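Asker: Questions regarding the structure given below will be posed in turn.
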Amino acid sequence: MPSRAYPDRPIVGVGVVVWRGGRVLLVRRGNPPRAGSWSLPGGAQELGETVFEAARREVREETGLEIAVVEVVEVVDSIHRDDAGRVAYHYTLIDLVAVAAGGELAAADDAIDAVWANPDELPRFQLWSETARVIAKSQAVLATVRGTPD
């Protein structure tokens, strides 16, 4: 796979807000950008794969969980520049909301840890502000679509 650093165009990625029993799934990233930071499971969409298929694959690879994708929540640009101002990473992230549908939680692939977190615990994970916003928005989207927050 070609390097994702210093791309010649944005890379389409998915982020998945997975809910189970009122708690949200977080993973600790093992690779840049944001290596070591807590985030949503997700990654780059592959050629020939739908966004929903990419979401299911990424969550399975990073956590061992199966999910039922519910809806698109938001589209976010994640652009990281180096000290010279050049674009080092550029992802167009399609964030989805889903519910856990099976499997056992275990960090794998480029996730070095994975946890279920209560919404009131989120500040201690020092999430990117966009991630926190998408998680909050996902609760409203899920309640609208399913009639219940999870």
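The values are calculated or read from the model by the stated rules, or taken from the named source; none is laboratory data. Computed from a prediction, not measured in an experiment: that's the story for all the values here. Note that each Cβ is placed from the backbone with ideal geometry, even for glycine, and that neighbours are counted across all protein chains shown.
Asker: Among the residues of region 99-150, write down those that are of a type outside the set (Asp, Glu) and in a strand (DSSP E or B).
Answerer: 99, 100, 101, 102, 103, 111, 112, 114, 115, 116, 117
Asker: Looking only at region 142-149, decide whether some residue is farther than 19 Å from residue 27 by Cα and in contact with a helix residue (DSSP H, G or I) (Cβ under 9 Å, 6 or more places away or on another chain).
Answerer: yes
Asker: Being of a type in the set (Gly, Ala, Ser) and closer than 21 Å to residue 144 by Cβ: is that true of residue 114 here?
Answerer: no
Asker: For region 107-128, name all the residues that are at pLDDT 95 or above and either more than 15 Å from residue 21 (Cβ to Cβ) or crowded, with 17+ Cβ neighbours inside 10 Å (or both).
Answerer: Across region 107-128, the qualifying residues are 113, 114, 122, 123, 124, 125, 126, 127.
Asker: Could you tell me whether region 80-94 includes any residue that is touching a Phe, Trp or Tyr at 6+ places or on another chain (Cβ under 8 Å), surrounded by fewer than 16 Cβ atoms within 10 Å (Cβ to Cβ) and at pLDDT 95 or above?
Answerer: Yes - at least one qualifying residue is present in region 80-94.
Asker: Right, another one. What number of residues in region 75-99 are more than 14 Å from the chain's Cα centre (by Cα) and closer than 24 Å to residue 54 by Cβ?
Answerer: Within region 75-99, residues that are more than 14 Å from the chain's Cα centre (by Cα) and closer than 24 Å to residue 54 by Cβ number 6.
Asker: While we're on this one: Determine whether residue 18 is in contact with a Leu (Cβ under 8 Å, 6 or more places away or on another chain), touching a residue at least 40 places away in the same chain (Cβ under 8 Å) and not hydroxyl-bearing (Ser, Thr, Tyr).
Answerer: yes
Asker: Find all pairs meeting these conditions: Cβ atoms under 6 angstrom apart; at least six residues apart or on different chains; first residue within region 130-141 and on the phi < 0 side of the Ramachandran plot; second residue among the hydroxyl-bearing types (Ser, Thr, Tyr).
Answerer: 131/39
Asker: Output the residue which, of all residues in region 37-78 that are exposed (fewer than 14 other Cβ atoms within 10 Å of the Cβ) and free of Cβ contacts under 8 Å to residues at least 24 places away in the same chain, is nearest to residue 124 (Cα to Cα).
Answerer: The selected residue is 75.
Asker: In region 109-130, what residues are farther than 21 Å from residue 93 by Cβ and in contact with a Lys or Arg (Cβ under 7 Å, 6 or more places away or on another chain)?
Answerer: Of everything in region 109-130, those that are farther than 21 Å from residue 93 by Cβ and in contact with a Lys or Arg (Cβ under 7 Å, 6 or more places away or on another chain) turn out to be 116, 118.
Asker: So if I check each of 15, 48, which one is small (Gly, Ala, Ser), in a loop (DSSP other than H, G, I, E, B) and more than 14 Å from residue 113 (Cα to Cα)?
Answerer: 48
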